[in-house]
Amino acid sequence: MTFTVGVIGAGQLARMMIPAAVNLDIDLRVFGTGPGESAALAQTATGDWTDLEAVRAFAADVDVLTFEHEHVPQQVLRALEDDGVAVRPGSGALLYAQDKLQMRTRMAQLGLPNPEWAAVQTADEVSSFLASHGGTAIAKQPTGGYDGHGVRRITSADEVSDWLTPELLGAHDGALLLEELVPFTRELSQLVARRPSGDLAAWPLTETIQSAGVCSEAIAPAPGADAAVLAEAARIASTIASELDVVGVLAVELFETADGRLLVNELAMRPHNSGHWTIDGSVTGQFEQHLRAVLDLPLGSTELCDSCAVMVNVLGGPETPEARAEAEAEVLRADPAARLHWYGKGYRPHRKVGHINAFGTDVQAVLARARRDADLMHRDSTSPDSEVK
Ligand code: ADP
């Protein structure tokens, strides 16, 4: 029995669904924006994902429509649902991955741990939030942000004056999100997958390391996390998945504080950078699990294949195809056990062009190996354009 899954978006996340689809005999069809994208191999349509008629035509003959990003507008999602398309995750869940103000409000309603936050509309409101939070805050555009874009660390209202215009506020629920500057000791990610029937599977808690606002390394299980932290992360993610009726993979990005608290940072309802290690390090990888979940098939085991698994992204890398090929060959030579995942993308400074997975028994040794491999690919260590840090 072959199911057809349509994926909106043709970047690396859609690309990495392809091997999983092949293995499960799923007919995967990708809706991209043009030629040359990462998932071109499975691309069957191109267009604008905000264009209802284009997405409607693509969705007409798929069993399930899913996503590699959260940018399809609510009105398009709802119209498809009215047409009877199986949109997974559905519009009601995706809203909370699209809009950080809605997400903060919903987390508060569910009694889940948020940083202190406020929805603000004026420079005076920004100033008073700053005054009551030690003079520094994190300002976020509620919608459309990614990889640190749309996020700023601020110490004065002037630094967001360009975001407090009627046009920009109008595009974002009429308000800007301010959060306390969380004094986190590290960032974590709890990944779970949920079927429409409610079955849920969680992977081990993952530590993530960002480079200039971009997730660039992941380590699982999160080193040193005690039983209470593991249980709390699992409780938060499973509550969110169930209460928001999420279908597919859910990544809950978390801050851990020095006193052992976990705070929700943001949600992603699709395979996530922090879960790339699962492709090789877990019995069931996140891309396969996402396809199983959206098709309401039984979920796979989320056990680790070894004591620990790590992922190191290659950001930037060699500028020319020749230099890239040489560097790739060097990694193959240096580390026969490395698992390489290239995204089929051309060079741009700090662009995610691939990642390296490694697993083993000693986390420090495994991490050192994966970092060395990524360094052989000349990864960038600084970002020219991120707004955070
Ligand atoms: P994006 O949508 O771009 O992923 P995030 O909301 O995850 O944006 O923020 C990007 C990064 O900024 C986070 O990974 C974290 O390092 C930092 N950050 C975000 N919110 C806060 C906060 N309230 N306090 C401290 N750092 C934050």
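Consider region 48-67 and keep the residues that are in contact with a strand residue (DSSP E or B) (Cβ under 6 Å, 6 or more places away or on another chain) and assigned to a loop (DSSP other than H, G, I, E, B). The one that is nearest to residue 193 (Cα to Cα) is 63.
Sort through 268, 293, 241 and tell me the only one that's within 16 Å of the ligand (Cβ to nearest atom), at pLDDT 95 or above and under 23 Å from residue 69 (Cβ atoms).
268
Are any of the residues in region 213-223 in contact (Cβ under 8 Å) with a residue 24 or more places away in the chain, part of a strand (DSSP E or B), within 16 Å of residue 367 (Cα to Cα) and of a type in the set (Asp, Glu)? Within region 213-223 (the criterion being in contact (Cβ under 8 Å) with a residue 24 or more places away in the chain, part of a strand (DSSP E or B), within 16 Å of residue 367 (Cα to Cα) and of a type in the set (Asp, Glu)), the answer is yes, since at least one residue qualifies. Screening 91, 161, 197 for residues that are away from the ligand (no atom under 13 Å from the Cβ) and more than 30 Å from residue 287 (Cα to Cα) leaves exactly one candidate, 161.
Criterion applied to 180, 116 was being within 13 Å of the ligand (Cβ to nearest atom) and open to solvent by 50 Å² or more (accessible area, probe 1.4 Å), and the one residue passing it is 116. Of all positions in region 201-211, at least one carries a residue that is at pLDDT below 95, within 16 Å of the ligand (Cβ to nearest atom) and of a type in the set (Gly, Ala, Ser).
Between 197, 156, the distinction of being of a type outside the set (Asp, Glu) and within 25 Å of residue 94 (Cα to Cα) belongs to 197 only. Scan region 245-285 for residues that are crowded, with 24+ Cβ neighbours inside 10 Å and among the hydrophobic types (A, V, I, L, M, F, W, C) and jot them down. Correct list: 246, 247, 249, 250, 251, 252, 254, 267, 269, 277. Can you say whether residue 143 is among the polar types (S, T, N, Q), within 24 Å of residue 269 (Cβ to Cβ) and either within 12 Å of the ligand (Cβ to nearest atom) or modelled with pLDDT of 95 or more (or both), as far as the supplied structure shows? Criteria met by residue 143. The set of residues from region 52-75 being crowded, with 20+ Cβ neighbours inside 10 Å and farther than 20 Å from residue 17 by Cα is empty.
Of all the criteria given as (1) crowded, with 16+ Cβ neighbours inside 10 Å; (2) under 14 Å from residue 7 (Cα atoms), the one not satisfied by residue 93 is (2).
The values are calculated or read from the model by the stated rules, or taken from the named source; none is laboratory data. All values reported here derive from a predicted model rather than from experimental measurement. Here Cβ is always computed from backbone atoms with ideal geometry, including for glycine, and neighbour counts include all displayed protein chains. Protein only, heavy atoms only, side chains kept; ligands, DNA and RNA dropped before computing areas. Shrake-Rupley method; radii C 1.70, N 1.55, O 1.52, S 1.80 Å.
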